[in-house]
Amino acid sequence: MNTLAVMCMALTRHSPSRTPLARTSAATCSVTLTNARRVGTSNHSSLRWDFIPRTYPRGSAGKTGRSGVEARLPVSRALSAVKGMNDILPEEIGRWHAFEGRFRAAVELFGYSEIRVPIIEATPLYVRSVGEGTDIVDKEMYSFVFHDEPLTVRPEGTAGVVRAYVEHQLAAKEPTSRVYYLGPMFRGERPARGRYRQFYQAGCEVFGDAGPGVDAEMIDMLVRFFASLSIDGLEVLVNSLGGKGTKAAYRERLVAYLRPMQAELSEDSRRRLETNPLRILDSKHERDQAAIAGAPSVLDCIDDDDKRHFDRLLELMTKLGTPFRVEPRLVRGLDYYARTLFEIKGRGGDLGAQNTLCGGGRYDGLVEELGGTPGIPSIGFALGIERILLASTFGADQATASVFVAPLGERAGAEALVLGRELREAGIKTLVETRGGSLKAMLRRANAVGARLALVVGDGELDRGVVQLKDLAAHAQADVTRDSLVAAVREKLA
Ligand code: AMP
């Protein structure tokens, strides 16, 4: 299938009033309009586009001889990344790798293993798990129909992981499973610093443990991990939504409280009063703030079992020395939560207003809801990697190479390749200047890539069986015999 055609595929958000397809296509990708057709309506989407992939005949793109899509792109306008979706450039990737390495190491210490699930899942998976009436499902999903199958580019990680857990019957293999994931998520939110349409999350899920011991352990693991990244002003908010009984009782109480002030609420909240009243507590709308501030607390109608669970969680967190604050109005934007809920906020760095680093909680009914064995409790969290990088100052090894090999002349050019191979086999990051050039230009490049050492080889050095080793920071140099070179480089870099 034509790759660009797929990239130009009619990805539509659920909001009928905003159709990026039409906007984008008009500017850059007229082919999708000819390939798209309207395919009906549903509760949460009145406009969908069906993409019919088309293979373009070779040569139809004129001189380039490539895809028809490319041929129709306006040549005068440079293409740029989709709004809210960012490139991570080579100069930035070091910090991402450092974060990912630290995250893996931190969670693997607690027995989590990585799981990789697809980025695209069936749309009903998210509608059933995240829930209708949530911002994600109502407004933010990148959904499309492909060969009559409604699909969505994942807006979050838990639903896909639970789907995989159920599909592969992982519950039958182990009584408890601990998994983690890392990867991009997609939500059509209004972009701002720390809020993107493609963003990266890392998360963990535990299946088969009803808590609250594992809840306390998970929150403490996160707090300690964030502290190890030197993130300032950590604040942990916890709440319990209770199980089914508590949730139902609270819902009733909340509706009874909100109903008389219905007229003052925002349009979204008025609608949610009927469909999903708990979501109103999540609203950022100015008109809703006074109502939210006076709303009853879920903790006022929590049942005995749920209360025991929550009290024990607080006791364990106190025992572990995890700082926390109970926030009775914390409900979080996804439907599947029950009992423990938490958020961790940070301060400082370039974080700004989007300061929630991480959110999580229990979703005890979700495995069953998605067709798995009833009664498997679960808890998980997801953290936003971009926000962690904004909030923290930890560095990364920025150097492309530790050693830069600078050959002078053709004979030396061949020897430089051999040298490079030997050093890399010894685990030393090495860049060989294969283009040649003057010594001055090559040393300038060695500095630019952040190398600590430069190895200069010319005909003279080859004849004498030596290599000139330059310490670029100390501005010192010495000839080193070819045989002892790897050891000498190791010693210098130690
Ligand atoms: P959620 O899946 O909504 O519970 O979000 C978990 C974490 O993911 C948040 O605390 C943020 O750190 C991060 N996150 C959520 N949405 C975005 C977004 N649009 N852009 C960047 N990070 C996000």
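The values are calculated or read from the model by the stated rules, or taken from the named source; none is laboratory data. Predicted, not measured: the structure shown is a model, and the values here were computed from it. Every residue, glycine as well, gets a Cβ built from its backbone with ideal geometry; the counts of neighbours run over all protein chains shown.
Quick check on region 205-216. Is at least one of its residues surrounded by fewer than 20 Cβ atoms within 10 Å (Cβ to Cβ) and within 22 Å of GLU140 (Cα to Cα)? Scanning region 205-216, I find no residue that is surrounded by fewer than 20 Cβ atoms within 10 Å (Cβ to Cβ) and within 22 Å of GLU140 (Cα to Cα), so the answer is no. The residue that is farthest from the ligand (Cβ to nearest atom), among those in region 367-426 that are among the hydroxyl-bearing types (Ser, Thr, Tyr) and assigned to a loop (DSSP other than H, G, I, E, B), is SER402. Reported count of residues in region 332-362, each being under 15 Å from ALA216 (Cβ atoms) and of a type outside the set (S, T, N, Q), is 7. When ILE231 is tested against the conditions (1) at pLDDT 95 or above; (2) β-branched (Val, Ile, Thr); (3) farther than 19 Å from LYS307 by Cα; (4) within 16 Å of the ligand (Cβ to nearest atom), the lone failure is (1). The residue pairs whose first member lies in region 392-420 and is under 30 Å from GLN354 (Cβ atoms), whose second member is loosely packed, with under 14 Cβ neighbours inside 10 Å and not basic (Lys, Arg), and whose beta carbons are closer than 8 Å, counting only pairs six or more residues apart or on different chains, are SER392/SER230; THR393/SER230; PHE394/SER230; ALA396/HIS97; GLN398/GLU91.
Any idea how many residues of region 450-470 are surrounded by fewer than 19 Cβ atoms within 10 Å (Cβ to Cβ) and either in contact with a Leu (Cβ under 6 Å, 6 or more places away or on another chain) or not assigned by TED's automatic domain parsing to the domain that holds GLY409 (or both)?
Qualifying residue count, region 450-470: 1.
Results for (1) surrounded by 23 or more Cβ atoms within 10 Å (Cβ to Cβ); (2) within 16 Å of the ligand (Cβ to nearest atom); (3) hydrophobic (A, V, I, L, M, F, W, C), shown as yes or no for each residue.
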| residue | (1), (2), (3) |
| --- | --- |
| VAL137 | yes, yes, yes |
| TYR142 | no, yes, no |
| HIS147 | no, no, no |
| PRO150 | no, no, no |
| ALA159 | yes, yes, yes |
| ALA164 | no, no, yes |
| HIS168 | no, no, no |
| LYS173 | no, no, no |
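So which residues in region 304-327 are in a loop (DSSP other than H, G, I, E, B) and buried (at least 16 other Cβ atoms within 10 Å of the Cβ), if there are any at all?
THR322, PHE324, GLU327
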